[in-house]
1. I'm trying to understand the selection: among the residues of region 75-90, which are surrounded by fewer than 14 Cβ atoms within 10 Å (Cβ to Cβ) and in a strand (DSSP E or B)?
2. Would you confirm whether any residue within region 106-120 is out of contact with any Cys (no Cβ under 7 Å at 6 or more places or on another chain), closer than 22 Å to LEU301 by Cβ, assigned to a strand (DSSP E or B) and not hydroxyl-bearing (Ser, Thr, Tyr)?
3. Report, by residue number, each residue of region 180-208 that is in contact with a Phe, Trp or Tyr (Cβ under 7 Å, 6 or more places away or on another chain) and on the phi < 0 side of the Ramachandran plot.
4. Just checking, does region 201-214 include any residue being closer than 27 Å to ILE374 by Cβ, without any contact (Cβ under 8 Å) to a residue 60 or more places away in the chain and exposed (fewer than 14 other Cβ atoms within 10 Å of the Cβ)?
5. Under 7 Å by Cβ, and 6 or more places apart or on different chains, what pairs join a residue from region 356-380 that is buried (at least 17 other Cβ atoms within 10 Å of the Cβ) with one that is charged (D, E, K, R) and modelled with pLDDT under 90?
6. Out of curiosity, is ASP132 within 21 Å of the chain's Cα centre (by Cα), surrounded by fewer than 18 Cβ atoms within 10 Å (Cβ to Cβ) and either within 26 Å of ASP283 (Cβ to Cβ) or not assigned by TED's automatic domain parsing to the domain that holds ILE311 (or both)?
7. Criterion first (modelled with pLDDT of 90 or more and buried (at least 22 other Cβ atoms within 10 Å of the Cβ)) does PHE336 satisfy it?
Amino acid sequence: MKGWDLMRNYLNWTAILVFMCLSTGTWAVDYYVSVNGDDSNPGTFALPFASLEHALINVAGSGDTIYMRGGSYREQISTANISGTAGNPITIKAYLDEEVTLDGSEPLTGLGGTTWTREPGTDIYRTTINKDIWQLWVDGRMGVVARWPNVTMGHPCDPAQVEDDGRTPLAGTWWDRGTLADMANVHDATGLLVNDTTNHDLAAENVSFAGGTITLMFSKWTWQRDILTHDAGSNSLVYDPISNPDNSNRKGWFKIQHSNALDMPGEWYYDKTTGVVRVWCEDGQSPQGRDVRGKTMTCALKADTMRHVTIDGIHFFSCTIIATDASHVTLQNCTFSYLSRSRNMAISGVGDEGFAVWGDDNLIYNNVFRYFEITPSFTGGHRNRIENCLFHHGSFHGLYRDRRYETSCGDVGASAGTDSQGRLS
């Protein structure tokens, strides 16, 4: 009987433990995702899934961890709800020290751009693709959208060139106000803009910029509009009008992006009507056989509601995260590179989407945000914390403003500020 009593006690305690695990949701499972996996697999280490979307949306629950094996993944997840529970978050994590990248770009060879042709008498090459792009890289180096006026010194991803005060950009470099054109008139409700020829003469270019885009700043906010009319040799143009800009009584500054402005190494342009991509590589060589990639999506992970989720050790390249109703979300040890870029070149759509985690009790820890145009947003909410994060090389427009980094939040603790380029001080 003593043996039976021991067995009965063992069975009783086992049942209690099973009940406790089931009732508290602590029966956690580890799932694995690999570039060599298959979504029909069980998601084990030996037989991993192929996509984060399948693991996250169809399989994982509270307390589970999704380990991503090293490699590059193209994920475009959009869902209403991703939620763990208190004490049992859903965790998305790079496996050990393997490098995991969620990639929002595609090689142009996969978009039909397999052959590059040199334009006679130039170092400009062209190809044709079958999908819109609004950012481009050649061998990992970001191209500059063809613009007027030019920036003749430096590159927006290089270390800033500044005066001895450590803040003021050197004349002629990125973020120098002098590299932008000035308006001769205040905001006009019809979209009429007259260029001030004091520093830059638009008429002297003797080309039409109609059909391109114009980026304007009257005071605080940046606006981007299609150029409706412009004649070669004219200092006036008409753009798609802006309703109620932030300071309509101020003469602001602007720049133009157009294929006709492609006139120096490092620039490129995409014509959405013809699908033609034109590139002048920095080294003057052909793009043929090189890694030429274009941005084709904005968001790798978007959820209307996100609760008790941890994301750890992931590199987001040319894509971002958006959670507009988030709580108890932890984002740590991640890198966001080229996380936002406006849809220039008259591509349909209001614009790209930047990083956004809005809500309560969120922790943004030990991350890097770099090479972005739209400022990461941590809007509203309470008891949020941004700690030990580095923000650098923001505002690719080059519309320089001497300010500290703005989180635009209701109640956020931050461990450090940033300088005028969004670089941690």
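The values are calculated or read from the model by the stated rules, or taken from the named source; none is laboratory data. Since the structure is predicted, the reported quantities are computational estimates derived from the model, not experimental observations. As a convention, Cβ positions derive from the backbone with ideal geometry for all residues, glycine included, and neighbour counts pool all protein chains shown.
1. Just the residues of region 75-90 that are surrounded by fewer than 14 Cβ atoms within 10 Å (Cβ to Cβ), to begin with: 78, 80-81, 86-87.
Across region 75-90, the qualifying residues are SER78, ALA80, ASN81.
2. Applying the first criterion (out of contact with any Cys (no Cβ under 7 Å at 6 or more places or on another chain)) to region 106-120 yields 106-120.
Still in the list and also closer than 22 Å to LEU301 by Cβ: 106.
Remaining after also requiring assigned to a strand (DSSP E or B): 106.
Remaining after also requiring not hydroxyl-bearing (Ser, Thr, Tyr): 106.
Looking for residues that are out of contact with any Cys (no Cβ under 7 Å at 6 or more places or on another chain), closer than 22 Å to LEU301 by Cβ, assigned to a strand (DSSP E or B) and not hydroxyl-bearing (Ser, Thr, Tyr), one finds at least one in region 106-120, hence yes.
3. Our first condition is that a residue be in contact with a Phe, Trp or Tyr (Cβ under 7 Å, 6 or more places away or on another chain); within region 180-208, this holds for 180-183, 187, 191, 193, 205.
LEU180, ALA181, ASP182, MET183, HIS187, LEU193, GLU205 - these are the residues of region 180-208 that are in contact with a Phe, Trp or Tyr (Cβ under 7 Å, 6 or more places away or on another chain) and on the phi < 0 side of the Ramachandran plot.
4. Among the residues of region 201-214, not one is closer than 27 Å to ILE374 by Cβ, without any contact (Cβ under 8 Å) to a residue 60 or more places away in the chain and exposed (fewer than 14 other Cβ atoms within 10 Å of the Cβ), which makes the answer no.
5. Final answer for the pair search is GLU373/ARG341; ILE374/ASP352; THR375/GLU406.
6. Judged against the criteria, ASP132 is a match.
7. Working: modelled with pLDDT of 90 or more: yes; buried (at least 22 other Cβ atoms within 10 Å of the Cβ): yes.
Spelling it out, PHE336 is indeed modelled with pLDDT of 90 or more and buried (at least 22 other Cβ atoms within 10 Å of the Cβ).
Yes/no matrix, rows are residues, columns are (1) part of a loop (DSSP other than H, G, I, E, B); (2) of a type in the set (A, V, I, L, M); (3) modelled with pLDDT under 95; (4) more than 19 Å from LYS295 (Cβ to Cβ):
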residue: THR324; (1), (2), (3), (4): no, no, yes, yes
residue: LEU331; (1), (2), (3), (4): no, yes, no, yes
residue: SER342; (1), (2), (3), (4): yes, no, yes, no
residue: SER348; (1), (2), (3), (4): yes, no, yes, no
residue: GLY354; (1), (2), (3), (4): yes, no, yes, no
residue: VAL357; (1), (2), (3), (4): no, yes, yes, yes
residue: HIS382; (1), (2), (3), (4): yes, no, yes, yes
residue: LEU399; (1), (2), (3), (4): yes, yes, yes, yes
